[in-house]
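Read-outs throughout are calculated quantities, based only on the coordinates presented, and are distinct from any laboratory measurement. The shown structure was predicted, so the numbers you read here are calculated from the model rather than taken from an experiment. Quick reminder, even Gly has a Cβ in these numbers, built from the backbone with ideal geometry, and neighbours come from all protein chains shown.
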Amino acid sequence: MIFKKDKKQAFWKWFIKHKGEIEGFIRDENRNDFQIYHKLTKRMQQVNADLMPELTLEGETHVLIISCDGISAGIPYVQELAASAPEIDNWVIKKFRQPSYTKKLEYEGFSLTVDDIKVQYELDEEREKVDIIFKMAGYQENDDRFKALGFLFMDHILGEFNVMTRVGYVDFDKAGEKEEGLVDLIELRKVIEDNLY
């Protein structure tokens, strides 16, 4: 469809025009101005409303991860936008958040480490899903940044595709003093790989 192609081309044209600002945002460790990130998000969502950008560094290379933020209807749009990406100096474009180890993530000026998060899970092999309750250090129900970071950690450590296809019910709670049977997200990824594939 020509209209969709034009939207993708317009996105990459805008991205290349503003890549210096975006690189500055990535490299600023004390960032408090999220204006360029919000503009990038808005531009990406003009291609499809389910798309979300994530920015990081791998060594000296800038990385744009095109995510659909766990919404399975966005999968083809992630694939199409990534496939339409031009070569951009000192940049790598990736589809979905891949399973990896991430020590610390930040969202809207708030950060958590992987050590702040444990999960209680229940495996449902019939549904081929795992239901999860996050147990998070300092969790505050009225602060949505905890939930946003929980989902980001899931996407990074479990992999966004696993989250969309193998994770069922998700809830959040404050970590108790001495709770039994909790695992970290790396252990949960192994549970999913060993039991649901």
Q) Between the DSSP loop rule and a limit of at most 16 other Cβ atoms within 10 Å, which GluC sites (Glu not before Pro) in the stretch 101-153 are left? A) Glu108, Glu125, Glu126, Glu128, Glu141
Q) How big is the antiparallel share of DSSP beta bridges in the chain, given as a percent to the nearest 5? A) 65
Q: Can you check what the net charge comes to around Phe25, using other residues whose Cβ is under 13 Å from the Cβ of Phe25 (Lys, Arg +1; Asp, Glu -1)?
A: -3
(Q) Using Stokes-Einstein with the Kirkwood hydrodynamic radius over Cα pairs, what translational diffusion coefficient do you get for the chain at 10 °C and a viscosity of 1.306 mPa s, in µm²/s rounded to a whole number? (A) 88
Q: With springs connecting C-alpha atoms under 10 Å apart, model the chain as a Gaussian network and identify which of Glu187, Glu177, Glu80 has the largest mean-square fluctuation.
A: Glu177
Q. Among residues other than Lys13 whose Cβ falls under 12 Å from its Cβ, what is the net charge (Lys/Arg +1, Asp/Glu -1)?
A. +4
Q) Of all trypsin sites (Lys or Arg not before Pro) in the stretch 154-197, which ones are in loop regions per DSSP and have a Cβ with at most 15 other Cβ atoms within 10 Å? A) Lys178
(Q) Can you give the local net charge around Leu152? Use residues other than it whose beta-carbon is closer than 14 angstrom to its beta-carbon, Lys and Arg +1, Asp and Glu -1. (A) -3
Q: Could you name the lysines whose alpha carbon sits less than 29 Å from that of Lys17, not counting residues in the same chain fewer than 8 places away?
A: Lys4, Lys5, Lys7, Lys8, Lys39, Lys42, Lys94, Lys95
**Q.** For Phe172, distant residues with modelled amide H under 5 Å away
**A.** Phe134
Q: Quickly estimate the mean residue ellipticity at 222 nm for the chain, helices only: each DSSP H run with n ≥ 4 gives -39500 (n - 2.57), and the total goes over all residues, rounded to 500.
A: -11500 deg cm²/dmol
Q: Determine the dipole magnitude for the chain: charges of +1 sit on the beta-carbon of Lys and Arg, -1 on that of Asp and Glu, nothing else is charged, the reference point is the Cα centre, and the result goes in debye to the nearest 20.
A: 1100
Q) the stretch 1-118: Rg/Rh from Cα coordinates, Kirkwood Rh? A) 0.96
